[in-house]
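*Asks:* Here it is: the structure, laid out below.
The values are calculated or read from the model by the stated rules, or taken from the named source; none is laboratory data. Owing to the predicted nature of the structure, the values given are computational and were not obtained by experimental measurement. Neighbour counts run over all protein chains shown; Cβ positions are idealised from the backbone, glycine included.
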Amino acid sequence: MSIAVFSTAYFPSLEYIRHILQFDEIIIETKEHFPHQTNRNRCHILGPNRIQTLTVPIKQNHIKTPTGNIEICSGKWKQQHWRSLTTAYNRSALFEFYKDELESIIFDNHRLLIELNTKILSFILKAKKKTIAINFTTSFQASYKNDFRYISDAKSQKQISDLNIPSYPQVFSEKIGFVSNLSAIDALFNGSL
């Protein structure tokens, strides 16, 4: 059985998902000190005019708060994210098919970021018809054999992937051109996951 360790990610990138699909089991890092401005609480989608970054607001935390303990702020972010996703993907091939389940996930009352992100990851894996066991770290380790905790993490210089992502049809590609490595839901809604 092949196992790898990943960070948690909000609507993870296509690169992240393509790597996950190579394993039978993944372990999500929950014990690291939460790094700000990373894919753990943000994602990138292609809107009508540009790449949009969607960020889940988190409660102020001390520098050494474990990622598994990060709480989500309440507020209007859910409505804003849903509006952005609908604007970006309502003309895509499969948005109509997935929108009810996705809306339910976004508007559910998740207290912890790890809960929201795990539900999103499970949604993407289910859409891909892939069964992968998801577990969580119980202590922090500096490195692992198959360590993908920093994949698609622009803040870190620990980019470890040279995965080539072929282009696929995107809703606004005629206007903007193809944009690689957006959130995996971009490929999912456009029928290319």
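*Asks:* Please enumerate the residues belonging to region 1-32 that are of a type outside the set (A, V, I, L, M) and free of Cβ contacts under 8 Å to residues at least 60 places away in the same chain.
*Replies:* Of everything in region 1-32, just one residue is of a type outside the set (A, V, I, L, M) and free of Cβ contacts under 8 Å to residues at least 60 places away in the same chain, namely 22.
Conditions (1) outside any loop (DSSP other than H, G, I, E, B); (2) under 24 Å from residue 55 (Cα atoms); (3) at pLDDT below 85, marked per residue:
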residue: 109; (1), (2), (3): no, yes, no
residue: 118; (1), (2), (3): yes, yes, no
residue: 124; (1), (2), (3): yes, yes, no
residue: 135; (1), (2), (3): yes, no, no
residue: 159; (1), (2), (3): no, yes, yes
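*Asks:* For region 1-86, list the strands (runs of 3 or more DSSP E) that sit wholly inside it and hold at least 1 residues that are modelled with pLDDT of 90 or more and touching a Cys at 6+ places or on another chain (Cβ under 9 Å); which are they?
*Replies:* Hits in region 1-86: 51-55.
*Asks:* Among all residue pairs at least 6 apart or on different chains, which show Cβ distances below 9 Å where the first residue, located in region 154-176, is under 20 Å from residue 42 (Cβ atoms) and loosely packed, with under 13 Cβ neighbours inside 10 Å and the second is modelled with pLDDT under 75 and of a type outside the set (A, V, I, L, M, F, W, C)?
*Replies:* Pairs that qualify, where the first residue is under 20 Å from residue 42 (Cβ atoms) and loosely packed, with under 13 Cβ neighbours inside 10 Å and the partner is modelled with pLDDT under 75 and of a type outside the set (A, V, I, L, M, F, W, C), are 159/152; 159/153.
*Asks:* So, of the residues in region 1-54 that are among the small types (Gly, Ala, Ser) and touching a helix residue (DSSP H, G or I) at 6+ places or on another chain (Cβ under 9 Å), which turns out to be farthest from residue 120 (Cα to Cα)?
*Replies:* Among those that are among the small types (Gly, Ala, Ser) and touching a helix residue (DSSP H, G or I) at 6+ places or on another chain (Cβ under 9 Å), it is 47.
*Asks:* For region 20-79, give me each residue that is surrounded by 14 or more Cβ atoms within 10 Å (Cβ to Cβ), under 25 Å from residue 176 (Cα atoms) and of a type outside the set (A, V, I, L, M).
*Replies:* 38, 39, 42, 43, 44, 47, 52
*Asks:* If you go through region 84-109, how many residues are among the hydrophobic types (A, V, I, L, M, F, W, C), surrounded by fewer than 18 Cβ atoms within 10 Å (Cβ to Cβ) and either in contact with a helix residue (DSSP H, G or I) (Cβ under 8 Å, 6 or more places away or on another chain) or touching a residue at least 24 places away in the same chain (Cβ under 8 Å) (or both)?
*Replies:* 4
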